[in-house]
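First the structure, in the form of structure tokens, and then the observations on it.
The values are calculated or read from the model by the stated rules, or taken from the named source; none is laboratory data. Predicted, not measured: the structure shown is a model, and the values here were computed from it. Every residue, glycine as well, gets a Cβ built from its backbone with ideal geometry; the counts of neighbours run over all protein chains shown.
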Amino acid sequence: MMIPLQITARDFDLTEPIETLIREKAEKLDQLYDRITRCRVILEAPHRRQQKGILYNVHIEISVPGKEIVIKKEAHEDLYVAVGNAFETAGRRLLEYTSRQRGEVKFHEEVPSARITQIFPQMDYGILTTPGNRDIYFHRNSVLDGNFNDLEIGMQVHFVEESGDQGPQASTVRVLKK
């Protein structure tokens, strides 16, 4: 790292094994992104519980060009687990930051759409037809954000397809707003 790692322990004494673990984890962050300008790790033991003992909080502050990445993990009884969880989150956030810096954009898979072509209210199901003229079965329990009885033939919907016993079926159906 360009600037040395700063480790602070509050309300307890920092042991050498924990300090070594933190230095190893911080070195891995430096391998993910070599332009880290500061890394500060704060360990706290503010909670003392009679039955379970001490709960540890871990905060990590990472300075990179143009941004401060802050990780605050919830309390955990095992300091090693708390440190590991915090650095795992820090690694993910650092990778997200570097992806954005390189202009990489995460594309979400498009949710398929269809049109309701048949409804059988007395039998609790209907049929969707996709733009490719595939018929997809759906049950009344698959309809989100609405009432099956309010559906009309011709309505546009988004759906999630899965394989059913009798062929393709929609596990969820969401009516598109007009």
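What the table shows:
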read-out: Scan of the stretch 162-172 for residues that are over 13 Å from THR129 (Cβ atoms) and assigned to a strand (DSSP E or B), ordered by number; value: GLU162, SER163, GLY164, GLY167, GLN169, SER171, THR172
read-out: Hey, ILE119 farther than 13 Å from ARG174 by Cα and surrounded by 15 or more Cβ atoms within 10 Å (Cβ to Cβ) or not; value: yes
read-out: Any chance PRO17 is surrounded by fewer than 14 Cβ atoms within 10 Å (Cβ to Cβ) and in a loop (DSSP other than H, G, I, E, B); value: no
read-out: Cross-chain or 6+ apart pairs with Cβ under 8 Å, the stretch 11-26 first and over 15 Å from GLY91 (Cβ atoms), then modelled with pLDDT of 90 or more and loosely packed, with under 14 Cβ neighbours inside 10 Å; value: ILE18/TYR80
read-out: The stretch 56-85, subset of a type in the set (A, V, I, L, M, F, W, C) and farther than 15 Å from ALA9 by Cα, residue surrounded by the most Cβ atoms within 10 Å (Cβ to Cβ); value: ILE62
read-out: Any pair with Cβ under 7 angstrom, 6 or more apart, that starts in the stretch 156-174 at a residue that is at pLDDT 85 or above and ends at one that is acidic (Asp, Glu) and assigned to a strand (DSSP E or B); value: PRO168/GLU161; GLN169/GLU162; ALA170/GLU161; SER171/GLU162
read-out: First in the stretch 129-147 and part of a strand (DSSP E or B) and at pLDDT below 90, second anywhere and among the aliphatic types (A, V, I, L, M) and surrounded by 14 or more Cβ atoms within 10 Å (Cβ to Cβ), Cβ under 8 Å, 6 or more apart; value: LEU144/VAL173
read-out: Looking only at the stretch 122-178, and only at residues there that are of a type in the set (Asp, Glu) and surrounded by 13 or more Cβ atoms within 10 Å (Cβ to Cβ), the one that is farthest from the chain's Cα centre (by Cα); value: ASP135
